[in-house]
Amino acid sequence: SAILTGVSINLDPEKKSPWWNTFKIKLMTPFTDEEARTLIKEPAGKIYHFKDEAIDAILNWSRGNPYLVQLLCHEAVNMAVNDGRLTITVEDIQTTIPHFEREKNLIRKAPTKEELNRQIPGLDIASG
């Protein structure tokens, strides 16, 4: 099994690529606050601790986008490692955010299942 992720899909039904015959599209919607908190805490939770203010700053900036959550967390953990710390603070997040504003601005709203089906009739999209 493999999971390929991205923030944009070039939908061209005329292309006869094996990609269209091998993979199913799974639309990712923004995570709820609870899901995003889990994404923040669990992967690194046995070693690193995210202060509540840091988590709130991540949730506020990312608006639940799992890609953006992971970008901030990855960079904040790297900062803590470089400083010899095990705690991620709101200051770490505030320092990290400006580095990723461009990426955030490039992310467009994902098309809905209905929009994709209108663009490519018969497209097989994996359900939630």
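What to note about this one:
- Within the stretch 103-122, considering residues that are under 17 Å from G64 (Cα atoms) and basic (K, R), the one modelled with the highest pLDDT: K104
- Residue pairs meeting the criteria (Cβ under 8 Å; at least 6 apart or on separate chains; first under 16 Å from R63 (Cα atoms) and open to solvent by less than 50 Å² (accessible area, probe 1.4 Å), in the stretch 35-52; second assigned to a helix (DSSP H, G or I) and of a type outside the set (A, V, I, L, M)): A36/S62; A36/P66; L39/P66; L39/Q70; L39/C73; I40/C73
- A Cβ distance below 7 Å, combined with a sequence gap of six or more or placement on separate chains, defines the contacts here; from the stretch 82-109, residues that are within 20 Å of G45 (Cβ to Cβ) reach residues that are in a helix (DSSP H, G or I) and β-branched (V, I, T) in the pairs I88/V77; I93/I58.
- When D56 is tested against (1) in contact with a helix residue (DSSP H, G or I) (Cβ under 7 Å, 6 or more places away or on another chain); (2) in contact (Cβ under 8 Å) with a residue 24 or more places away in the chain; (3) assigned to a helix (DSSP H, G or I); (4) open to solvent by 70 Å² or more (accessible area, probe 1.4 Å), only condition (1) is not met.
- Identity of the residue in the stretch 68-94, open to solvent by 70 Å² or more (accessible area, probe 1.4 Å) and under 16 Å from the mean Cα position of the chain (by Cα), that ends up nearest to E35 (Cα to Cα): Q70
The values are calculated or read from the model by the stated rules, or taken from the named source; none is laboratory data. Everything numeric in this text was worked out from a predicted model, so none of it was measured. Cβ coordinates were reconstructed from backbone atoms using ideal geometry, including for glycine residues, and neighbour counts include every protein chain displayed. Please note that ligands, DNA and RNA were not included when accessible areas were found on the heavy atoms of the full protein model with its side chains. Shrake-Rupley method; radii C 1.70, N 1.55, O 1.52, S 1.80 Å.
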